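The values are calculated or read from the model by the stated rules, or taken from the named source; none is laboratory data. This one's a predicted model, so the numbers in the text were calculated from it and none came from an experiment. Cβ placement follows ideal geometry from the backbone for every residue including glycine, while neighbour counts extend to all protein chains displayed. Heavy atoms of the whole protein, side chains included, go into the accessibility calculation; ligands, DNA and RNA do not. Shrake-Rupley method; radii C 1.70, N 1.55, O 1.52, S 1.80 Å.
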Amino acid sequence: MVKPFKGVRYNLEKTLLKQVLAPPYDVISEEQKEILKLKSPYNVVRLILPDGENKYEEAARLYNEWKKEGILIKDSEPSFYLYEQEYEYEGKKYVRTGFIGLMKLEEYGKGNVFPHEKTLAGPKMDRFNLMKAAKANFSQIFGLYIDKSNKLEKLFSAVKKDMPAASAVNDEGVKNSLWLINDDELKEEISHFMRDKKIYIADGHHRYETALRYRDYMREINNDSEDEIKPYDFVMMMFVNFYDEGLKVFPTHRVVEYSNNFDDLMDKIQKMYDIKKVGNFEEGEKLLTDSEIPSFLMYRKGEFFIIRIRDEEYEKLHPIYRKVDTYVLQETILKGVIGFTDEKLLKKEGIYFVQNMEQIEKIEKEKDIVAFIIKGVDIEIIREIAENGLVMPQKSTYFYPKLDSGLVFNDLA
């Protein structure tokens, strides 16, 4: 069940949108957090990553104070919020379109909601404490649905003919625009279309599981009957079509702290992989892209190697998981050769997750490392993993661009 809601939004007569937006909480560094705070006393980072000993209560205090001051205003009628992101990638412009609404919470495996990544207890407890104190969704979860006919996109085209209610370019050069969908017929058409759609969580697994926990917590406190519907039975979500032309899934590379003998590592890898030294990153990246079975570009002290899993090792892998490079790398090399445990990987002990060579070289200045550069996961494989009740290793997907926080909030009380 997907429905419109009365969103809480920044009053653009009192603040500039570009000064109050922020990336999702889990990609903000301490340095970036301080920069965002300097932009505006009302930047959303003060809500999603609050400060102080009683930081969750501080977030709730600020949120309520901003509403009283008119910095934040609640819309007078329920709306869907059309959310467009315009960005550039490899010299070409892309537009990704979706809409923000409320989705009725369902347990994984008991309805139409499918995860694809593992979650950690720490972040879930952090988000639960924030939700419990503030009684609001400050960031939208990123969900995918299937619409091969692009029916909703055709409806959205008409909405986009009007000026957006809010628009701003963020620090990464992504233009974020928001339109309100208030027309009753259009709202009903969207709700009806989404009624039985399968939803695949692209980003926000921790927040979705937190919303489930918060719902159960509130039901117990209020002694709700099974047929009662309350605000906490829903969570704010951005819905994007699997087949949207602007939907990009980038890889997340692995950088491992490694000070042992590199020749020994190569000998062990060579038992499962064919290894070929390449001249530079560009040459290796092309070979990586062209490979049809799991391959990785390995980097160590200025040298690059293409490693390609041998057929006999490939055949030993789970028929679905063998399509997921992060799983293959984790099982065969990170755990099988280097000796990582699941616990160490989950806690990110001695391993870093990065998006580009620049980040790899930055870590290399301070640590002895080996880096494994991987390909992105095909969107259809993500769907296959989710529908089979499987999950990928953490940081297997990086949906670009990230959804900014601060465009709209959802009250849970």
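Round to a whole number: what % of the accessible area of the chain belongs to carbon and sulfur, probe 1.4 Å? Walk me through the numbers before you get to the answer.
On the way: 8990 of 19510 Å².
Looking at the chain in its full context, I get 46 percent from C and S.
Can you tell me the order of 53-66, 136-149 when each peptide is scored by its average per-residue count of other Cβ atoms within 10 angstrom, highest first? Kindly include the intermediate steps, with their values, before the conclusion.
On the way: 53-66: 16.7, 136-149: 20.9.
For the peptides 53-66, 136-149, the packing ranking is 136-149, 53-66.
Using the Karplus curve 6.51 cos²θ - 1.76 cosθ + 1.60 with θ = phi - 60°, work out ³J(HN,Hα) for each residue of the range 7-14 in order, rounded to whole Hz, and write x for Gly and Pro.
x, 9, 9, 5, 7, 6, 7, 10
Of the cross-linked pairs K271/K335; K33/K74; K268/K362; K135/K187; K154/K248, which ones have a Cα-Cα span greater than 19 Å in the structure shown? Present the calculation step by step, with values, prior to reporting the outcome.
Numbers: K271/K335 15 Å; K33/K74 26 Å; K268/K362 27 Å; K135/K187 25 Å; K154/K248 21 Å.
Cα-Cα > 19 Å for K33/K74; K268/K362; K135/K187; K154/K248; rest within.
Determine the gain in length on full extension of the stretch D264-K365; use 0.36 nm per residue of separation and subtract their C-alpha separation, reporting nm with one decimal. Don't jump to the answer; show the numbers that get you there.
On the way: separation 101, 0.36 × 101 = 36.36 nm, distance 2.28 nm.
Taking 0.36 nm per residue and subtracting the Cα distance, the gain is 34.1 nm.
Using a 1.4 Å probe, what is the accessible area per residue for the chain, in Å²?
Numbers: 19510 Å² over 413 residues.
I get 47 Å² per residue for the chain.
Highest GNM mean-square fluctuation, the chain, Cα pairs closer than 10 Å: which of M131, M236, M272?
Of M131, M236, M272, the Gaussian network model singles out M272 as fluctuating most.
With angles folded into 0 to 90 degrees, how steeply does helix 55-69 sit against the dominant principal axis of the chain? Use alpha carbons for both and round to 10.
With both axes taken from Cα atoms, the answer is about 40 degrees.
If I build a Gaussian network model for the chain, linking alpha-carbon pairs within less than 10 angstrom, which residue out of V27, V240, V328 has the largest mean-square fluctuation?
Highest fluctuation of the listed residues: V27.
From the phi angles alone, apply the Karplus equation (6.51, -1.76, 1.60; θ = phi - 60°) to the range 97-110 and give each ³J(HN,Hα) in whole Hz, x where the residue is Gly or Pro.
10, x, 9, 9, x, 9, 10, 5, 5, 9, 5, 4, x, 10
Just add up the charged neighbours of V2: K/R +1, D/E -1, any other residue whose Cβ is under 11 Å from the Cβ of V2.
Working: positive: K3, K104, K187, R195, K197; negative: D196.
Residues close to V2 contribute a combined charge of +4.
Scan around V169 for amide H atoms under 5 Å from its own, H built in the peptide plane at 1.01 Å from N, and keep only partners 5 or more places away or cross-chain.
Residues meeting the criterion, in which the H sits 1.01 Å from N, are N176.
Springs between alpha-carbon atoms under 10 Å, Gaussian network over the chain: tell me which of M194, M237, M125 tops the mean-square fluctuations.
Of M194, M237, M125, the Gaussian network model singles out M125 as fluctuating most.
What do you reckon, how do M1, M103, M218 stack up by accessible area (1.4 Å probe), largest on top? Spell out each step's value before the answer.
Values: M1 105, M103 5, M218 30 Å².
Descending order: M1, M218, M103.
Output the relative contact order of the chain, whole-number percent, from Cα pairs under 8 angstrom with separation of 6+ residues.
Reported as a whole number, the value is 25 percent.
For the range 266-357, what are Rg and Dmax over the alpha carbons, in angstrom?
When restricted to the Cα atoms of the range 266-357, Rg and Dmax are 13.3, 36 Å.
For the range 318-390, run through the trypsin sites (Lys or Arg not before Pro) and keep only the ones in DSSP coil with at most 11 other Cβ atoms within 10 Å of their Cβ. Could the numbers behind the result be given before it?
Working: sites: R322, K323, K335, K344, K347, K348, K362, K365, K367, K375, R383; in loops: K347, K348, K365, K367, K375.
Hits after loop and neighbour filter: K365.
At 1.4 Å probe size, with no ligands or nucleic acids counted, give the accessible surface of E69 in Å², nearest ten.
80
Amide H neighbours of L247 under 5 Å, counting only residues 5+ apart in sequence or on other chains, H built in-plane at 1.01 Å?
Long-range HN contacts for L247: none found.
Add -39500 (n - 2.57) for each DSSP H run of 4 or more in the chain, then divide by its residues: what number comes out at 222 nm, to the nearest 500 deg cm²/dmol?
Numbers: 15 runs with 135 residues, N = 413.
It comes out at -9000 deg cm²/dmol, rounded to the nearest 500.
³J(HN,Hα) across the range 371-388 via Karplus (A = 6.51, B = -1.76, C = 1.60, θ = phi - 60°), whole Hz, x for Gly/Pro?
10, 10, 9, 10, 8, x, 7, 5, 4, 5, 5, 4, 5, 5, 4, 4, 5, 8
If packing is taken as the mean number of other Cβ atoms within 10 Å per residue, what is the order of 174-183, 8-17, highest first?
Values: 174-183: 19.5, 8-17: 16.3.
So the order, starting with the most tightly packed, is 174-183, 8-17.
Can you pull the Rg over Rh of the chain, Cα-only, Kirkwood?
Details: Rg = 22.5 Å, Rh = 22.9 Å.
Rounded to two decimals, Rg/Rh equals 0.98.
Is the shape of the range 301-353 best called rounded, prolate or oblate, per the rule: a/c under 1.5 gives rounded, else a/b larger than b/c gives prolate, else oblate, with a ≥ b ≥ c the square roots of the Cα gyration tensor eigenvalues? Before the final figure, lay out each step's value.
Values: a/c = 2.15, a/b = 1.24, b/c = 1.74.
Taking the square roots of the gyration eigenvalues as a ≥ b ≥ c, the range 301-353 is oblate.
Helix 121-134: angle to the longest alpha-carbon principal axis of the chain, degrees 0 to 90, nearest 10?
10
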